[in-house]
Amino acid sequence: MLHRERVIYLMMDVPQTPDPTEEIAMRKAEAIKKKIDQLPPSMLGEVEQLIKELENRKQPQTILSALAECAIDDDLPPDFAKHHDHYLYGVPKK
């Protein structure tokens, strides 16, 4: 057996430990599905609308992504580093 094939074989043999956060999320999802199954059909439209609103909700921004948007909006380089040598050390702009 080739070395790579042996490593793959050994990896397949190792039991995978479940991710606790993934397990919790799966349990929550199952509980929500059960509750939806118990709702009267007249309420399913409201549930569908709520799901659409949640899907369209904007994810919270990180500070870095907010800075990157400013760079794009103000026509600055995305990494804010195009002329950093000029501003720090007085080197001529490139």
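Readers should treat all values here as calculations from the given coordinates under stated rules, not as data from a laboratory. Remember, it's a predicted structure, so these values are computed and weren't measured experimentally. Neighbour counts run over all protein chains shown; Cβ positions are idealised from the backbone, glycine included.
For residue 59 and residue 37, what is the calculated FRET efficiency with R₀ set at 30 Å and r taken between the beta-carbons, to the nearest 0.05?
Values: r = 29 Å, r/R0 = 0.96.
After rounding, the FRET efficiency stands at 0.55.
How many nm is it between the label spots at residue 94 and residue 48, if each spot is 7 Å from the Cα in line with the beta carbon?
Each label point is offset 7 Å from its Cα along the Cβ direction, giving 5.4 nm.
Order 54-65, 24-35 from most to least packed using the mean count of other Cβ atoms within 10 Å. Write down the numbers at each step before the final one.
Working: 54-65: 7.8, 24-35: 10.2.
Ranked by mean Cβ neighbours within 10 Å, highest first: 24-35, 54-65.
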